[in-house]
Amino acid sequence: MLQVPICVFDAKNSVLCPQCESKLESGQLTQADVDASMKLAKLAKTIPEIEKFSMNSCRQIGLNHVLYLSKHDIDATRKSRTLYRAISGEFSGKVWLVESEASDRKFIEDLFFPAKLLSINAVWAPGGLQKTKVIVSGKWTSRFPIDTEQVAKIVKELRQLDIVIEFEEKK
């Protein structure tokens, strides 16, 4: 059964009940939570796999939509290009899939998928500022599939971490 931040009935009918409406007004839910719930419920009507999804929340940063899903749902979506395309097609902008209960490290790894990360370390910058250094395997090319500036922006906004991204060229 599809699990989303709002009532499944509300999601399937694209209308909020008084309880969900008050959660939205009080800030317990975001408009992105509501919109993403309705979009997934719409997709679940034609794509049976989505009916089993558990979406914890959705955060919108500019045109980026970060969906917090269960590990199982992320794995299923990554194995099926069709499923990922269907989900992406519902949202304007880029859809990022992250694990609901992820640590900062796992959160960053999820955002960089499918790129391989060699390391994620906390480093101290002059003035006592802490930054998180991410080293990506390989060298950067214009065809690199991930917008690293968007990743940095998402991590800063959702995890309050400043990240520095470097590429390590294979010898």
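Restricting to the range 115-134, name every residue that is out of contact with any Leu (no Cβ under 9 Å at 6 or more places or on another chain) and polar (S, T, N, Q).
Passing the criteria: S119, N121.
Counting just the residues of the range 46-62 that are open to solvent by less than 30 Å² (accessible area, probe 1.4 Å) and of a type outside the set (V, I, T), which one comes out farthest from I108 (Cα to Cα)?
Here the answer is F53.
Note down all Cβ pairs under 8 Å where the first residue falls in the range 143-154 and is touching a residue at least 24 places away in the same chain (Cβ under 8 Å), the second is open to solvent by less than 30 Å² (accessible area, probe 1.4 Å) and in a helix (DSSP H, G or I), and they're at least six residues apart or on different chains.
Short answer, once both residue conditions are applied: I146/L111; I146/F112; V151/I108; V151/L111; V151/F112; I154/L111.
Of the numbered conditions (1) modelled with pLDDT of 95 or more; (2) under 27 Å from V151 (Cα atoms), C17 satisfies every one except a single condition; which is it?
Failed condition: (2).
Checking H65 against (1) under 22 Å from Q160 (Cβ atoms); (2) open to solvent by 30 Å² or more (accessible area, probe 1.4 Å); (3) modelled with pLDDT of 95 or more; (4) not small (G, A, S), only one condition comes out false. Which one?
The single condition H65 does not satisfy is (2).
Residue check, E166 against (1) open to solvent by 60 Å² or more (accessible area, probe 1.4 Å); (2) assigned to a strand (DSSP E or B); (3) within 27 Å of C58 (Cβ to Cβ), all met but one. Which one?
The failed condition is (3).
Cβ-Cβ distance below 6 Å, separation of 6 or more or different chains: which pairs start in the range 1-24 with a residue that is among the basic types (K, R) and end on one that is assigned to a helix (DSSP H, G or I)?
Close Cβ pairs satisfying both conditions: K12/A41.
Can you say whether D110 is open to solvent by 50 Å² or more (accessible area, probe 1.4 Å) and either of a type in the set (D, E) or within 30 Å of A44 (Cβ to Cβ) (or both), as far as the supplied structure shows? Step through it out loud before you land on a result.
Values: open to solvent by 50 Å² or more (accessible area, probe 1.4 Å): no; either of a type in the set (D, E) or within 30 Å of A44 (Cβ to Cβ) (or both): yes.
So D110 does not fit the description; no.
The values are calculated or read from the model by the stated rules, or taken from the named source; none is laboratory data. This one's a predicted model, so the numbers in the text were calculated from it and none came from an experiment. Quick reminder, even Gly has a Cβ in these numbers, built from the backbone with ideal geometry, and neighbours come from all protein chains shown. Keep in mind that these areas ignore ligands, DNA and RNA; they rest on the heavy atoms of the full protein, side chains included. Shrake-Rupley method; radii C 1.70, N 1.55, O 1.52, S 1.80 Å.
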